[in-house]
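All remarks here apply to the structure that follows.
The values are calculated or read from the model by the stated rules, or taken from the named source; none is laboratory data. No experiment lies behind these values; they were computed from the predicted model shown. We place every Cβ from the backbone using ideal geometry, glycine too, and count neighbours over all the protein chains shown.
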Amino acid sequence: MSRPDARPLRRLPTLEARKEVLERCVFCPKLCRTSCPVSNAEPRETLTPWGKMSMAYFVANESVALAPSFAAPAWACTGCFGCREHCDHKNDVTGTLFEARSALVASGEAPAGARAVLDRFEERAGALGKNARELSVLPEVSASANTAVLVGCSYARSLPDEARDAVRATAKLVSSQVSVVEECCGAPLLYAGDTKRFREQGEKLARAIAGKERLVVIDAGCASTIRVHHAAAGVGMIAPVEHFAERAARELGRLDRVEGLGELRYHDPCQLGRGLGVYDQPRAILSRALGRAPAEFDRRREDARCSGAGGLLPVTMPDTSRAIAAARVAEHDGAGGGTVVTACASSLRSFRKQGAQALDLVTVVARALGVSGRG
């Protein structure tokens, strides 16, 4: 019998290109285990980065059965990149697990929540288009504008005030009207496990912004999806892509101090920080609006803790997702409380559901520019 690491990954052949990445984790002494928000909230060896990568590897090389119990750990990941930051090899666990999800879906194994997301994607994408068209009635919006704004599904569907603040603030920052993109970035397809449709959705998005000078993305998860995952899949955006915080930070001189914000503590969204390397810009914006540096979590920047809201975890492991968010809120309260500020719609919603006073960076900027609809 051949050694396990010498066997081809026949059962999940699309993972063959990731074999070396998988093996680094499988034969590693698990030094990154404390970096995973999922296994910290639910302390099981299978849910550590090592455990999740090992299950994918052993299913792929036929060491274990293709069964729900061995497939499910691939979805026990928020995609936060935390384990990568604690790995000497900077191993791409997130990208590999997302690819494993797609291979497992194609093989007929996926959690019910992930299957539901895939089945309902077209319906929810259509709802996003409707929400985007509702934003298009704002005077700051014109379909012919040179700057396109991708608000993101979570903002458009669940955070309408923040979505309007984002559109108004972006228009003010670029000194012109903006157009609102009606296409989804495809992140739900990536997270649920359909890389083929994910790529197709990326191509739709690229066509939607063709002819624009730039695309400003509001949600950190959408920005990371485009600049990290679509780029890795070979889907290039025709226009330059920047996150809202990057644009606002370049226009700091236009931001006024905002009174009445109180004590703000900045939460680094995983996709904006570890995903895109954007750490300084949000802090510069908040310092300008506050007249002082914002408060911080003990673990911040590259070492920041995840909110538990990403990677489809609220769908596949809702109790664990809530436990992770509750831990972040407890940490915030223990450090003195106040208001948590983030730049991620999913994190914002999770914090609010845990009873935290939470604010989005777009609202701070909109107030600093005098264009917020909420005072």
Exercise. How many residues, within the stretch 236-290, are assigned by TED's automatic domain parsing to the domain that holds T170 and among the β-branched types (V, I, T)?
Worked result: 2
Exercise. Given the conditions (1) touching a Gly at 6+ places or on another chain (Cβ under 9 Å); (2) free of Cβ contacts under 8 Å to residues at least 40 places away in the same chain; (3) of a type in the set (A, V, I, L, M, F, W, C), which single one is not true for C344?
Worked result: (2)
For this session: Just one of (1) touching a Pro at 6+ places or on another chain (Cβ under 7 Å); (2) surrounded by fewer than 22 Cβ atoms within 10 Å (Cβ to Cβ) trips up D298, so point out which.
Result: (1)
Problem set entry | Lone unmet requirement of (1) in contact with a His (Cβ under 7 Å, 6 or more places away or on another chain); (2) charged (D, E, K, R); (3) on the phi > 0 side of the Ramachandran plot for R24 | (3)
Problem set entry | When residues of the stretch 164-179 are limited to those that are assigned to a helix (DSSP H, G or I) and of a type in the set (A, V, I, L, M), the one surrounded by the fewest Cβ atoms within 10 Å (Cβ to Cβ) | V174
Exercise. Hey, does the stretch 94-107 have a residue that's farther than 19 Å from A208 by Cβ, of a type in the set (G, A, S) and outside any helix (DSSP H, G or I)?
Worked result: yes
Problem set entry | Leading residue by the ranking (modelled with the lowest pLDDT) among those in the stretch 317-375 that are of a type in the set (S, T, Y) and surrounded by fewer than 24 Cβ atoms within 10 Å (Cβ to Cβ) | S372
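Among V371, V315, which is touching a residue at least 40 places away in the same chain (Cβ under 8 Å), among the β-branched types (V, I, T) and closer than 26 Å to R250 by Cβ?
Details: V315 fails: closer than 26 Å to R250 by Cβ.
Step by step, each of V371, V315 is checked, and only V371 is touching a residue at least 40 places away in the same chain (Cβ under 8 Å), among the β-branched types (V, I, T) and closer than 26 Å to R250 by Cβ.
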Exercise. When you scan the stretch 34-86, how many residues do you find that are surrounded by 19 or more Cβ atoms within 10 Å (Cβ to Cβ) and over 17 Å from S107 (Cα atoms)?
Worked result: 24
Exercise. Does D119 fit the bill of being surrounded by fewer than 22 Cβ atoms within 10 Å (Cβ to Cβ), assigned to a helix (DSSP H, G or I), among the acidic types (D, E) and at pLDDT 90 or above?
Worked result: yes
Exercise. What number of residues within the stretch 301-315 are part of a helix (DSSP H, G or I) and crowded, with 24+ Cβ neighbours inside 10 Å?
Worked result: 1
Exercise. Does A148 satisfy being outside the structural domain of G79 (by TED's automatic domain parsing), modelled with pLDDT of 90 or more and farther than 30 Å from R254 by Cβ?
Worked result: no
Seminar exercise, completed: Apart from one, (1) of a type in the set (S, T, N, Q); (2) touching a Cys at 6+ places or on another chain (Cβ under 8 Å); (3) farther than 29 Å from A76 by Cα all hold for T225; the odd one out is (3)
